[in-house]
Structure formats: structure tokens, C-alpha cells
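Student: Submitted below is the structure of interest, expressed as C-alpha cells.
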Amino acid sequence: MYRKCTTAETTIGMHNYLCDTEGTGGHLKTEPEDFIVREISDPPRKKDNGDYTIATLTARNWETNRLVRLMSRSMGISRDRIGFAGTKDKRAVTTQLISVYGTPDLLEKVDLKDVTIADVYRGARGIAIGDLIGNEFEIRVKDCTMDPGSIREILDTNTNIIRKTGGFPNYFGVQRFGSVRPVTHLVGERLVRGDIEGAVMTYICFTTSEEEEFLQNKRNELKDVSRWPELYNTIPVKMAFERMMVGTLLNDPGNWKAAIEAVPANLQMMFTHAYQSWLFNEMLSRRMDAGLPLNTPVEGDIVIPLDANKIPQHENPIRTTAKNIDLVTRQCRAGRAFVTITLFGSDGELAEGEMGEIERKVIEENKLSHEDFVIPGLPRCTSKGSRREIICPVKDIRYEVGSDDYKLSFSLPKGNYATCLLREYMKSEMRDY
């Protein structure tokens, strides 16, 4: 029914494609301008003399955490006083709202290459992770292996399949884990298993053959903790967070928790979340393997309705039963509700029926319990868990075909991955996303 994936994406749980067609090939992000992202926001209301400054930030080729760190340094404030709704792709041109706890003149101190700040005003509140509606994308796929005529046929066929299905499999994409060095979920697993030292060493030292050779060599050198004093000043800028961890442990040997706490708060949260994401991807793949539908429920499924703004109401889950399945099915087919899979954590219920069996089997195979996701002494790494929609709706898909490339334009709800839509068309190697 579904096409099997044979690339390295299987290592992050992505075993299937919705569309059983050949891929166009190609790769993304040859230039940052090939990947344009504009946040769809619900801006904080204006307030004269408000405590927060709100602005529109456009950045080219900037990793979000590094940008925030350098902005905070320029303004002479803690990075915790800068708020943003979501981390964006580094090799891209991104536009999003930010907030600064302080007055507008602080932003005048920021002078960074390829960063533009506009539409500054005083606001009633700051911006936190998740404070957005969705994102608009303009993405160009270059160096395709198909001729233009075949590319258009693939675009037409797959777009029709996606529209008929109501979306595409809502995997967590490679950015969640790292396309060159998929490591965040490995760190999260070590944290969940209570191995804080292993988590730190994994983040510092884990490498792949896709990583630049000098970074591979540096990570291998850093496996020898006794050499850290001589190696510390040789850790490159590209390993800024690893350098933070090493520096913390040189000042306070053996304090592995402090090393985790040295990196930005959103990265700390990402570790455990990435492991939950890997578990989710595995469960979604197994649902597809079992031939269960993505866009309609079966008995035992937990369905999440949408509110008037099309935002999932995770606080109001509905369990599908023999009595309500017809009503729930109509809601799902109308796009007013979505079937979900667990993001397994310290709290939350599991599905029943066939999907419940899949969820429990993955959890049992990995020898996990709810309590494992409470990380003592690291509250930011603790996660209650939630549920996630198994299909991602797409709005306004448009495409243009060139001689050996094409451009896709579309919008997605928040928390979903454009690369998971692109992979349905491209079917390229993981590094090409």
C-alpha cells in the first residue's frame, strides 16, 4: 500500500512514503534563498510602555540558538529575555516574530550580518515557544535526476494523492534529529535511561561519515576526557554547545547535569522531545505497515478535534468507540479532527485496539515506563508527553518546474515539517534535505 523507504531516514523511524511513485531526486538548500520560511503569527497586542518589545526578524543562514546568543550579547542582556515561537532551519531565509523583555532601544544595538529587524513596537506580552499558527514555505529543489516532463508528472500525481488523503504522514523530520549528525534523540534516550554522563558524551562525541572530517576528528579526540584541558581552545565555533559543556566540566569536574544545563533551554527540552519523536516515527511507520488508515479512525484510536482557529485541542481527546466511530469519522474526513499517536512521556493515555497494541509494543520493546521521562535535577529535560496528529494537512500547494529543478509553495500548521512533504516528491538521501 505504501512505498518503503530505503534511505538513512529509517534510522530515525521514517520507514514509509505515502506516495508509491519514483522520486524526482535532487537536494534542498544549495543556497539559503532556496528555502524561504515565513511564520504565520498571532502577534501580541500593542501596549504603550509595555514591558516587551516585539519585532519582525528576518535572518539568512542563521541557526536560531546561535543567533539568539549573539543578539543577547549585543544587547547586554540574558538570552532568556529573548523570546521566539519556533526554531527555524539554519540554511534558509526565515522571517519570524521575536520579543525582548526591555525597551526598543535594545534592538538598535544589534548589528549582525544578514539579519534585519523591522516593525518594532511595544507589546503586552512576550513570545514563547509554540506561539504561532503555522509557516509559509517557498522551497526550490535543485539538481533533480528526472527529466522535466517526468518531474511534472510526479508533482501532479503526488499532489493529487496528498489532497485526496488530506495531507501527508506527519513524521518528525530530519531537522528534529540532525540531517548530518542525527544525535538529539540519542542524547534523549541516554537521559531517559538515567545516564547523564552518557548523554553529555554522546552529544560531544557522536559523529557520522556525513560530518566534515575535521569535526569527526575533533569529536574522536574529545572521547579522551583527560585531554580536555589541552583541547578546549581547539574546539571550533561549529561546536559551540559542545564547547559550553566541556568548559562547564573543566570548571566543575563530574557535574554532568551542569553540562546539560549549560546549553540553551530549548535545546535541553529538545533532547527528550527528540527521543519521543523517534518513538512516534516508529509507531507511525508500524501503523502504515499494518494497513491502518491515516485520515480516518479505527476503534481504539484517540482523536483530537480542532478549534475555530484550526488549532488541535489536545486537552479534549476523544477515544473512538463502536458507538461514536461514524461521527468521529465524519469529523476527520471534514478536516475538523485528526487521529493521533502518543508522544510517550511521564503522563498521558495510550490508544486501545490495534493502534494501542502498536504503541504498547514499541514502548515494551524499548523497556520504557512513564517514570523514565521524569529526569531528576533536569526539569527542562523532563517531559509529560502528549499526542500528535498522524497526518499533516497542507494548504495552497503550488509548483513551478524548471530545466532540472522545481519550486514548491505551501503552508503548514505549526510543529510540522516541510521536509516531510518534500520527501514524498524527492525520495532523496537524508543528507539532501
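Student: Give the accessible surface of the chain per residue, rounded to a whole number of Å², with probe radius 1.4 Å and ligands, DNA and RNA excluded.
Tutor: That works out to 44 Å² per residue.
Student: Per-residue counts of other Cβ atoms within 10 Å, averaged by peptide: what ranking do you get for 120-126, 294-300, 145-151, highest first?
Tutor: Sorting 120-126, 294-300, 145-151 by mean packing, highest first, produces 294-300, 120-126, 145-151.
Student: Under a 5 Å amide H to amide H cut-off, with H placed in plane at 1.01 Å, what residues pair with Asp20 once short-range neighbours are removed?
Tutor: For Asp20, whose amide H was placed from the backbone, the distant partners under 5 Å are Arg3.
Student: Quick one: work out the % antiparallel among DSSP beta bridges in region 22-140, nearest 5.
Tutor: 90
Student: ³J(HN,Hα) across region 223-232 via Karplus (A = 6.51, B = -1.76, C = 1.60, θ = phi - 60°), whole Hz, x for Gly/Pro?
Tutor: So the Karplus estimates, Gly and Pro as x, are 5, 8, 4, 5, 8, 4, x, 7, 8, 3 Hz.
Student: Please go through region 303-332 and write out the trypsin sites (Lys or Arg not before Pro) that DSSP classes as loop and that have at most 15 other C-beta atoms within 10 Å.
Tutor: Answer in residue order: Lys310, Lys323.
Student: Using modelled backbone amide H atoms (1.01 Å from N, in-plane), which distant-in-sequence or interchain residues come within less than 5 Å of Gly123's amide H?
Tutor: Close amide H contacts, sequence-distant or interchain: Lys47, Gly50, Tyr52, Thr53, Ile54.
Student: So which of Lys109/Lys310; Lys142/Lys164; Lys142/Lys238 end up more than 32 Å apart, counting from Cα to Cα?
Tutor: Result: Lys109/Lys310 exceed 32 Å.
Student: Moving to a separate point now. Quick check: at a probe of 1.4 Å, how many percent of the accessible area of the chain sits on carbon and sulfur atoms?
Tutor: 47
Student: Can you give the calculated 222 nm mean residue ellipticity of the chain, where each DSSP H run of n ≥ 4 adds -39,500 (n - 2.57) and the sum is split over every residue, rounded to the nearest 500 deg cm²/dmol?
Tutor: Taken over the chain, the calculation gives -9500 deg cm²/dmol.
Student: Among the trypsin sites (Lys or Arg not before Pro) in region 207-251, which ones are in a DSSP loop with at most 12 other Cβ atoms within 10 Å of the Cβ? Mind listing them?
Tutor: The qualifying sites are Lys223.
Student: Each residue of region 7-23 in order: what ³J(HN,Hα) in whole Hz does its phi give by Karplus 6.51 cos²θ - 1.76 cosθ + 1.60, θ = phi - 60°, with x for Gly and Pro?
Tutor: 9, 5, 4, 4, 6, 10, x, 9, 9, 9, 10, 5, 8, 8, 10, 5, x
Student: Order these peptides, 284-290, 106-112, 333-339, by their mean beta-carbon neighbour count within 10 angstrom, highest first.
Tutor: Ranking the peptides 284-290, 106-112, 333-339 by packing returns 284-290, 333-339, 106-112.
Student: Based on the mean of other Cβ atoms within 10 Å per residue, sort peptides 271-281, 155-165 so the most packed one is first.
Tutor: With the highest mean Cβ count within 10 Å placed first, the list reads 271-281, 155-165.
Student: Here's something else I'd like to know. Can you match Kirkwood radius over Cα pairs in Å to one of these, (1) 23.0; (2) 30.7; (3) 24.1, based on a calculation from the structure here?
Tutor: (1)
Student: Would you mind pulling out the separation of the Cα centroids of region 381-433 and region 310-369, in Å?
Tutor: Between the Cα centres of region 381-433 and region 310-369 lies a distance of 22 Å.
Student: Here is a follow-up. Which percent, nearest 5, of DSSP beta bridges in the chain are antiparallel?
Tutor: Antiparallel bridges make up about 95 percent of those DSSP assigns within the chain.
The values are calculated or read from the model by the stated rules, or taken from the named source; none is laboratory data. Since this is a predicted model, take the numbers as computed values, not measurements. Glycine gets a Cβ as well: all are built from the backbone with ideal geometry, and neighbour counts include every protein chain shown. Surface accessibility is based on the protein's heavy atoms, side chains included, excluding ligands, DNA and RNA. Shrake-Rupley method; radii C 1.70, N 1.55, O 1.52, S 1.80 Å.
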